[in-house]
Amino acid sequence: MKKLLATLSLVVLVTACGQGTKESNDKNQTLIEMKKTDEYWKDKLDPEAFRILRQKGTEYPHTGEYNLHFENGTYLCVACKEPLFTSTSKFRSDCGWPSFDRAIEGKIRNEHDASLGMSRTEIICNSCDGHLGHVFRDGPTDTELRYCVNSVALNFSENKKKK
Ligand SMILES: [Zn+2]
């Protein structure tokens, strides 16, 4: 009887482990699919953000909420909420879009963009693959970079004041 119980426990244990692995694999698979499915983002983002982040659109210049916005805090990806830029890297630019001289390390990747007959460097959110804007080598600060970002692609989180 003892032996039978031991065998049964073993079977239950093995089955439980097996199920656990399968479930976590399925979950990872779902996450990967979510990252890439337009239907998922269509549901999650408003139409203008979807057009810009998922279809590589551009908002009209001088219209964005954060174009001339200079509060202390962090700018996050509107889709996945990852921090992308800090307010200390933001500078006043005449280009009509929020401009930064550097991104938070590891949060953004560059890709060559040959669309519209131009050669530009597209900037993409590393965590959700959303299109953010472009980076140009004409920045006024020591980095000489100008991250030109669609305001719609950003959310702002204000730094809490120290008491
Ligand atoms: Zn993102």
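A simple packing score, the average count of other Cβ atoms within 10 Å per residue, orders the peptides 143-155, 79-91 as 143-155, 79-91, with the highest score first. With q set to 0.22 Å⁻¹, the log10 of I(q)/I(0) for segment 59-158, from the Debye formula over equal scatterers at the Cα positions, is -1.21. Checking the Cα-Cα distances for Lys44/Lys107; Lys56/Lys90; Lys42/Lys81 against a 19 Å cut-off, the pairs over it are Lys44/Lys107; Lys56/Lys90.
Laboratory data are not the source of any read-out in this text; all were calculated from the coordinates shown. This one's a predicted model, so the numbers in the text were calculated from it and none came from an experiment. Cβ sites come from the backbone with ideal geometry, for glycine too, and all protein chains shown count toward neighbours.
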